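Please treat every number below as a calculation from the coordinates, not as lab data. Treat the numbers as computed from the prediction; the structure is a model and nothing was measured. Positions of Cβ are backbone-derived with ideal geometry, glycine not excepted, and every protein chain shown enters the neighbour counts.
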Amino acid sequence: NAGVTQTPKFQVLKTGQSMTLQCAQDMNHNSMYWYRQDPGMGLRLIYYSASEGTTDKGEVPNGYNVSRLNKREFSLRLESAAPSQTSVYFCASSADLSNQPQHFGDGTRLSIL
Amino acid sequence: GDSVTQMEGPVTLSEEAFLTINCTYTATGYPSLFWYVQYPGEGLQLLLKATKADDKGSNKGFEATYRKETTSFHLEKGSVQVSDSAVYFCALADYGQNFVFGPGTRLSVLP
């Protein structure tokens, strides 16, 4: 019953460093999402992938890139980390881009110094 | 576009008190409605859902009814426990569109 698995769980970076957040789901879902959660800001959508082979920008895509590696995996890359990207990042998946519920991972807590 | 409004709290209650967290929405279509719960240090977990008007979602003593006439989906629980302390998110989803989440309501239950 893994569901949505995110790695790493915690990470500290220096400004300007790059890193990739990994996400994998085992529910055979078509759609996957990356959110960031900041105090007082709720959840904000960064990028999403409606189906394998497609990706689209969400509400706050600047400074990020994504790759839908296959149906299971959807990674988020920070090319040049900035302190403003300090946040908790959540990956989610759903059967498709419809009215079906999203299932969330446990998050990656990222601090950028 | 679609939107979700919910009371932001924090809400502080004593154990065994009655809980209501208000949620209202605006949508152009006929969305499904959800409540998610987030415990400290964890991701969001689906608590309950309703897919059409007058549906009642329920789970773990929590209930919410999809009210199309008032565009509301208020979360209720008759007797809260300390273990219910968490952040609760109301959300909607419609075909071909991304989820829309409310800002979350922090609930603290005191023994």
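Which ³J(HN,Hα) values, rounded to whole Hz and listed in residue order, are derived for region B:46-55 from phi using the Karplus coefficients 6.51, -1.76 and 1.60 in 6.51 cos²θ - 1.76 cosθ + 1.60 with θ = phi - 60°, glycine and proline given as x?
Values per residue, Gly and Pro as x: 5, 9, 6, 8, 8, 9, 8, 3, 6, 5 Hz.
Which of the trypsin sites (Lys or Arg not before Pro) across region B:1-60 are loop residues per DSSP, with 12 or fewer other Cβ within 10 Å?
Loop-located and lightly packed - B:Lys52, B:Lys60.
Loop only per DSSP, at most 12 neighbouring Cβ atoms within 10 Å: give me the GluC sites (Glu not before Pro) in region A:24-88, ordered by residue number. Walk me through the numbers before you get to the answer.
Working: sites: A:Glu52, A:Glu59, A:Glu73, A:Glu79; in loops: A:Glu52, A:Glu59, A:Glu79.
Here the sparse-neighbourhood loop sites are A:Glu59, A:Glu79.
Subtract the Cα-Cα distance of B:Leu110 and B:Thr51 from 0.36 nm times their separation in residues, and report this length gain in nm to one decimal.
On the way: separation 59, 0.36 × 59 = 21.24 nm, distance 3.32 nm.
Extra length available between B:Leu110 and B:Thr51 comes to 17.9 nm.
For the protein assembly as shown, please report how many Lys pairs fall under 16 Å Cα to Cα, leaving out neighbours fewer than 8 apart on the same chain. Spell out each step's value before the answer.
Numbers: B:Lys49/B:Lys60; B:Lys49/B:Lys68; B:Lys49/B:Lys77; B:Lys52/B:Lys68; B:Lys56/B:Lys68; B:Lys56/B:Lys77; B:Lys60/B:Lys77.
Number of lysine pairs found: 7.
Which whole-angstrom value gives the distance between the alpha carbon centres of region B:43-111 and region A:60-113?
Answer, in whole Å: 24.
Can you tell me what the convex hull of the Cα atoms of region B:1-95 projects to on average, as an area in nm²?
Working: hull surface 24.7 nm².
Quarter of the Cα hull surface area: 6.2 nm².
How about region B:14-111: which chymotrypsin sites (Phe, Trp or Tyr not before Pro) there are in a DSSP loop, with at most 10 other Cβ atoms within 10 Å of their Cβ? Intermediate results must be reported in sequence, preceding the final value.
Numbers: sites: B:Phe18, B:Tyr25, B:Phe34, B:Trp35, B:Tyr36, B:Phe62, B:Tyr66, B:Phe73, B:Tyr88, B:Phe89, B:Tyr95, B:Phe99, B:Phe101; in loops: B:Phe18, B:Tyr66, B:Phe73, B:Tyr95, B:Phe99.
Passing both the DSSP loop test and the Cβ count: B:Phe18.
Going by the alpha-carbon gyration tensor, a ≥ b ≥ c the square roots of its eigenvalues, is region A:1-45 rounded (a/c under 1.5) or, if a/c is not under 1.5, prolate (a/b greater than b/c) versus oblate? Present the calculation step by step, with values, prior to reporting the outcome.
Working: a/c = 2.25, a/b = 1.41, b/c = 1.59.
It comes out oblate by the Cα gyration axes.
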